[in-house]
Amino acid sequence: MLKQNELTEILLDTGVSKVGYSNLEDVLPEELKHLKSGISLVIRLSDQVISDIDKEKGPTPTYFHHYRTVNTFIDQVSLKVTTQLQRWGYLAMAIPASQSINNDGWHYRGLFQHRTAATRSGIGWIGKSNCLVTEEFGSRVRLGTILTNMEFQYDTSIEVSQCGKCNLCVTACPATALTGQEWKVGVAREELFDPELCSLHMKRSYKHIGRGAVCGICLKVCPKGKEILKR
Ligand code: SF4
Ligand code: SF4
């Protein structure tokens, strides 16, 4: 527990907004099951940058830059934690902040879903936007995950959505990529969201912003988040 507290302190001191711990043994692929503990970290995005995304015109170049900067930060913080865990004698591996591995029948997915680790560690639920939604910051977050064989006192998982009747992200999505179905444990990503429609829309519509530009409209319109700073 002392080392877990130390780890949490390291993460918060580095600028991480929220940390959670989960046991992922039953959901990890066979080759990763020995790294059963997930450390989830949340980086709160800039409210100013997210608020500047326009529902009609789409994302801004600054949002694109912010997104990439935060991903780099997550990778660096995750590396720092990995190094610390190894110093303590544990195996550890960071899941890349943003990764898309295309295999047969497996598209637009990373090695392991950050959202799964985050719901398991009580950080938030998966919204109708297919993004993680937190009580504090709504969807205005990005996530990191480190897998390790160190054991922790695990947090209580969140297993149902708290979106309720809200449908704002579904109606705002310019790609009609969101089905409007509410998430609970066991609902597959494809039942919530069509990643291909989302990806094609971003590639076609925001070329002027940069290669691999991201949309963010579903994050902007989400009304959840007690600590969001409104303009
Ligand atoms: S990122 Fe944009 S296109 Fe993709 S689901 Fe969200 S609103 Fe729709
Ligand atoms: S906009 Fe509404 S439906 Fe979409 S994720 Fe946020 S709370 Fe859920």
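So if I take the centroid of the Cα atoms in segment 60-75 and the same for segment 170-231, what is the distance between those two points in Å?
Each part's Cα centre sits 16 Å from the other's.
Please give the charge dipole size of segment 77-231, origin at the Cα centre, charges +1 on K and R Cβ atoms and -1 on D and E Cβ atoms. Round to the nearest 20 debye.
Roughly 720 debye, rounded to the nearest 20.
So what is the diffusion coefficient of the chain in µm² per second by Stokes-Einstein at 4 °C and 1.567 mPa s, using a Kirkwood Rh over Cα pairs?
72
Only Lys, Arg, Asp and Glu count, each charged at its Cβ (+1, +1, -1, -1), so figure out the dipole size of segment 1-110 about its Cα centre, rounded to 20 debye.
Computed charge dipole of segment 1-110: roughly 160 debye.
What Cys residues in the chain have no fellow cysteine's beta-carbon under 4.7 angstrom?
For the chain, the answer is C131, C163, C166, C173, C198, C215, C222, because their Cβ atoms have no other cysteine Cβ under 4.7 Å.
Expected output is a single nm value to one decimal: the length gained when fully extending between D75 and A172, i.e. 0.36 nm times separation in residues minus the C-alpha distance. What is it?
In short, 31.9 nm is gained.
May I ask you to give the solvent-accessible area per residue for the chain, in square angstrom, as obtained with a 1.4 angstrom probe?
50
Which percent of the accessible area of the chain is formed by carbon and sulfur heavy atoms (probe 1.4 angstrom)?
It is 51 percent, rounded to a whole number.
Where in segment 158-190 does the label zone of S100 land, with the point 7 angstrom along Cα→C-beta and an amide N cut-off under 20 Å?
Only 173-179, 189-190 pass the distance filter.
Considering only protein heavy atoms, what is the solvent-accessible area of R44 at a probe of 1.4 Å, reported in Å² to the nearest 10?
Spelled out: R44, probe radius 1.4 Å, area about 70 Å².
The values are calculated or read from the model by the stated rules, or taken from the named source; none is laboratory data. None of the values given here were measured: they were computed from a predicted structure. Cβ sites come from the backbone with ideal geometry, for glycine too, and all protein chains shown count toward neighbours. With ligands, DNA and RNA removed, areas are computed over all heavy atoms of the protein, side chains included. Shrake-Rupley method; radii C 1.70, N 1.55, O 1.52, S 1.80 Å.
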